[in-house]
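*Asks:* Quick one: the structure is below, and I'll ask about it shortly.
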Amino acid sequence: MQDIPIELRKTAGGIPVITERIPYSANAGFLVAVRTGSRDEYDGIFGLSHLLEHTVFRETKTRTSFEMAKEMEGAGGELNAFTSKEMTGYYGITLGSTADVAMKLVGDIVANPLINEKDTALEKEIVLQELSMVKSEPESYIHDLFEENLWDGNELGWDEGGSEETVKPLTHEDLRKYYNERYGRPNLAVFATGSIDEDKVLRWAEETFDPMEAPVVNERTAPATPGAKYTCTEHNSEHINIGFGFPLGKLDARERAVVKLMGAVIGSGTSSRLFQNVREKNALVYAIYNNTHCYSDAGYVSAFMSCTGKNVIKSLQETAKSYSEFKRNGLEKGELERTKNLLSGAVARSTETTDNRIYRMCVGYMTHGSVSSTAEYLDLINSITEDEVMAAAEKYLTADRLNISVLGRCDKKVKDFEAQSLEI
């Protein structure tokens, strides 16, 4: 794979500008990230980061949302945003020939939003519908619930969107105050990839964002390592959804890659241990897959599955057995190499879209303070040894860390299940 170098520069005001110039790309992408998210909220403003992210699209000092949409789509592009636990991001992707439009509109949204009463009220109605929709989709909701239970008592357990009860009271004054406090230096970083002029990106960042200064820099407290927990939550859905995982602490780049590979060995793809043992051999679940996630100072490696009520306990037992046998027997011949190829293929495919490339750059820098090129990351994955994977399994996959969240119509047998009986 051709290595595309990633360059880090800074504006005169100190804003990081991370660029990846791809001469052969037909597209150009630009993203501005703000180091504030749901874990930086407090009682009285839960859900504000997400509501603000929605509201700034309504109107700026120079454009309505309809005018922005026409301009962006007329340039062959899309304008969007996301809110996570540790950041909020705004991005525009266009044809390389219309890159100026993307820069202009992303800059306008971030630097010049009106945030008025009318727009806040309208967007609040949309956000409330979104929150209701998530809870009505148990396959998605189980992820939020698992983290809520895992990080119980820490800000990482709070949902990015807040709740209906916390969002309803928020006002445009709340949003404007939060924006003025946190949207500016040193909380900003700028990213660009594709058919771009790197000098032009730096000038755009300086002219548009250097005048913005944030008086509040969020201070975060890493969560304590959670102990074992088993939780059942009632939900009126046909299937039972389960989150089954183990917390992680703060990891460096190599440790994150090792844990990612370990999780993939156990549960990524249809040849994985979990898929074969729990689904194919025993027909206990409809779906089962691995999910490994690392925040700046914590994370988890997990499996998520869905099944009928009668299969819950047996599914938990077979899942635990898969982890236990992996720790006891180690890797099979060729298994590590096969999984490395599986991960490498997924990474390589993700580089074919501009939005995936720029999102990866953003998350890497904003979460962990560094960005590696695709080739560098693949080299890292391929350098990991069997001993490293098994050492990580011994350290993190332990019964005293096991957290299980069950969502659905739970009968008494499921509610009373003794999770400590599971052998890991």
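*Asks:* When residues of the stretch 226-272 are filtered for being farther than 28 Å from K333 by Cβ, surrounded by fewer than 23 Cβ atoms within 10 Å (Cβ to Cβ) and of a type in the set (S, T, N, Q), how many remain?
*Replies:* The qualifying residues number 4.
*Asks:* Mind listing just one residue for me: the one in the stretch 203-239 that is in contact with a Leu (Cβ under 7 Å, 6 or more places away or on another chain) and not in a loop (DSSP other than H, G, I, E, B) and, of those, farthest from T398 (Cα to Cα)?
*Replies:* It comes out as F209.
*Asks:* Within the stretch 401-418, count every residue that is of a type in the set (V, I, T) and part of a loop (DSSP other than H, G, I, E, B).
*Replies:* 0
*Asks:* Consider only pairs whose beta carbons are under 6 Å apart and that are at least six residues apart or on different chains; among these, list those whose first residue lies in the stretch 213-241 and is within 19 Å of F304 (Cα to Cα) and whose second residue is part of a loop (DSSP other than H, G, I, E, B) and modelled with pLDDT of 95 or more.
*Replies:* A228/L402
*Asks:* Within the bounds of the stretch 250-261, is there any residue that is of a type in the set (A, V, I, L, M, F, W, C), part of a loop (DSSP other than H, G, I, E, B) and within 30 Å of S132 (Cα to Cα)? Reasoning before the result, please.
*Replies:* Of all residues in the stretch 250-261, those of a type in the set (A, V, I, L, M, F, W, C) come to 251, 253, 257-259, 261.
If we keep only those that are part of a loop (DSSP other than H, G, I, E, B) as well, we get 251.
In the following step, the residues that additionally are within 30 Å of S132 (Cα to Cα) were identified as none.
So far as the stretch 250-261 goes, no, none of its residues is of a type in the set (A, V, I, L, M, F, W, C), part of a loop (DSSP other than H, G, I, E, B) and within 30 Å of S132 (Cα to Cα).
*Asks:* Select, from D379, D411, D400, D416, the only residue that is surrounded by fewer than 18 Cβ atoms within 10 Å (Cβ to Cβ), of a type in the set (D, E, K, R) and within 27 Å of I18 (Cα to Cα).
*Replies:* D379
*Asks:* Moving on. Has the stretch 276-285 got any residue that is under 30 Å from M103 (Cα atoms), over 22 Å from the mean Cα position of the chain (by Cα) and not charged (D, E, K, R)?
*Replies:* Of the stretch 276-285, the ones under 30 Å from M103 (Cα atoms) are none.
No, the stretch 276-285 contains no residue that is under 30 Å from M103 (Cα atoms), over 22 Å from the mean Cα position of the chain (by Cα) and not charged (D, E, K, R).
*Asks:* Still on this structure, I have one more. Could you grab me the full set of residues in the stretch 44-80 that are among the acidic types (D, E), touching a helix residue (DSSP H, G or I) at 6+ places or on another chain (Cβ under 9 Å) and within 26 Å of R182 (Cβ to Cβ)?
*Replies:* Across the stretch 44-80, the qualifying residues are E59, E78.
*Asks:* Looking at the stretch 192-234 only, could you name the residues that are among the aliphatic types (A, V, I, L, M) and touching a helix residue (DSSP H, G or I) at 6+ places or on another chain (Cβ under 7 Å)? Break it down stepwise before answering.
*Replies:* The first filter runs over the stretch 192-234 and keeps only residues among the aliphatic types (A, V, I, L, M), leaving 192, 196, 201-202, 205, 212, 214, 216-217, 222, 224, 228.
Across the stretch 192-234, the qualifying residues are A192, I196, M212, A214, V216, A228.
*Asks:* Residue by residue through the stretch 151-169, note down the ones that are part of a helix (DSSP H, G or I) and within 16 Å of the chain's Cα centre (by Cα).
*Replies:* Across the stretch 151-169, the qualifying residues are E155, L156, G157.
*Asks:* Still on this structure, I have one more. Condition first: touching a His at 6+ places or on another chain (Cβ under 7 Å) and surrounded by 13 or more Cβ atoms within 10 Å (Cβ to Cβ). Now tell me which residues in the stretch 99-125 satisfy that.
*Replies:* So the first thing to find is which residues in the stretch 99-125 are touching a His at 6+ places or on another chain (Cβ under 7 Å), and the list is 115-117, 120, 123.
Of everything in the stretch 99-125, those that are touching a His at 6+ places or on another chain (Cβ under 7 Å) and surrounded by 13 or more Cβ atoms within 10 Å (Cβ to Cβ) turn out to be I115, N116, T120, E123.
*Asks:* For the stretch 122-138, which residues satisfy the criterion of being among the polar types (S, T, N, Q) and touching a residue at least 24 places away in the same chain (Cβ under 8 Å)?
*Replies:* The answer is S132, and nothing else.
*Asks:* Restricting to the stretch 235-266, and then to whatever is modelled with pLDDT under 95 and either in the same structural domain as S132 (by TED's automatic domain parsing) or touching a helix residue (DSSP H, G or I) at 6+ places or on another chain (Cβ under 6 Å) (or both), can you tell me which residue is nearest to L145 (Cα to Cα)?
*Replies:* So the first thing to find is which residues in the stretch 235-266 are modelled with pLDDT under 95, and the list is 235-239.
Next, from what is left, pick out any that are either in the same structural domain as S132 (by TED's automatic domain parsing) or touching a helix residue (DSSP H, G or I) at 6+ places or on another chain (Cβ under 6 Å) (or both): 235, 237.
Working: H235: 12, S237: 15 Å.
It comes out as H235.
*Asks:* Within the stretch 19-34, restricting attention to residues that are out of contact with any Lys or Arg (no Cβ under 8 Å at 6 or more places or on another chain) and under 26 Å from E160 (Cα atoms), which residue is surrounded by the fewest Cβ atoms within 10 Å (Cβ to Cβ)?
*Replies:* Among those residues, the one meeting the criterion is L31.
*Asks:* Another one. Would you point out the residue of the stretch 278-288, among those that are surrounded by fewer than 18 Cβ atoms within 10 Å (Cβ to Cβ) and not acidic (D, E), that is farthest from L407 (Cα to Cα)?
*Replies:* Among residues in the stretch 278-288 that are surrounded by fewer than 18 Cβ atoms within 10 Å (Cβ to Cβ) and not acidic (D, E), the one farthest from L407 (Cα to Cα) is K281.
*Asks:* Another question about this same structure. How about the stretch 1-119: which helices (runs of 4 or more DSSP H) wholly inside it have at least 1 residues that are at pLDDT 95 or above and under 23 Å from the mean Cα position of the chain (by Cα)?
*Replies:* Counting at least 1 such residues, we get 48-55, 99-111.
The values are calculated or read from the model by the stated rules, or taken from the named source; none is laboratory data. Please read all numbers here as calculations on a predicted model, not as lab measurements. Backbone-built Cβ (ideal geometry, glycine too); neighbour counts: all protein chains shown.
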